[in-house]
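**Q** Pasting a structure below so you can have a look.
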Amino acid sequence: VLALQAPTRGLATYPSWQPQRAIDHILVSRTLRAGVAEVFDVTYSDHCPVAVEIELPEEVELQEATRPVIDVVPGRDPA
């Protein structure tokens, strides 16, 4: 059974110029855990960008990226 988690309070994303509604979502599978969520105060579109930390299962091994990671949010540390 799939289920959606209620949006975290205070993470309104729409409209970007005066966010009042939490209508954007990040979906993850059951094997992943969603951590800290964040909304960025930029107006690239009518929705604010949203990001979430994803916790991987212990048995998952990450490999080095084959292409560079690009940070698109001004002022945010890409680390």
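**Q** If V36 passes every condition in (1) touching a residue at least 24 places away in the same chain (Cβ under 8 Å); (2) surrounded by fewer than 14 Cβ atoms within 10 Å (Cβ to Cβ); (3) within 30 Å of V60 (Cα to Cα); (4) β-branched (V, I, T) but one, which one does it miss?
**A** V36 satisfies all of (1) touching a residue at least 24 places away in the same chain (Cβ under 8 Å); (2) surrounded by fewer than 14 Cβ atoms within 10 Å (Cβ to Cβ); (3) within 30 Å of V60 (Cα to Cα); (4) β-branched (V, I, T) except (1).
**Q** Still on this structure, please answer the following. Could you list, in sequence order, the residues of the stretch 40-58 that are modelled with pLDDT of 90 or more and in contact with a Lys or Arg (Cβ under 6 Å, 6 or more places away or on another chain)?
**A** none
**Q** Criterion first (modelled with pLDDT of 90 or more, part of a loop (DSSP other than H, G, I, E, B) and acidic (D, E)) does D24 satisfy it?
**A** no
**Q** Would you mind telling me which numbered condition in (1) modelled with pLDDT under 80; (2) loosely packed, with under 10 Cβ neighbours inside 10 Å; (3) not β-branched (V, I, T) E61 fails?
**A** Unmet for E61, out of (1) modelled with pLDDT under 80; (2) loosely packed, with under 10 Cβ neighbours inside 10 Å; (3) not β-branched (V, I, T): (1).
**Q** Among the numbered criteria (1) touching a Ser or Thr at 6+ places or on another chain (Cβ under 8 Å); (2) at pLDDT below 80, which single criterion is violated by L2?
**A** Unmet for L2, out of (1) touching a Ser or Thr at 6+ places or on another chain (Cβ under 8 Å); (2) at pLDDT below 80: (1).
**Q** Which pairs do you get when a residue that is under 21 Å from Y44 (Cβ atoms) and crowded, with 16+ Cβ neighbours inside 10 Å, found in the stretch 2-26, comes within reach of a residue that is among the small types (G, A, S) and at pLDDT below 90, reach meaning Cβ atoms under 6 angstrom, with the pair 6+ apart or on two chains?
**A** Every condition considered, the pairs that remain are P7/A22; A12/A22.
The values are calculated or read from the model by the stated rules, or taken from the named source; none is laboratory data. It should be emphasised that the depicted structure is a prediction, and the values quoted were computed from it without experimental measurement. As a convention, Cβ positions derive from the backbone with ideal geometry for all residues, glycine included, and neighbour counts pool all protein chains shown.
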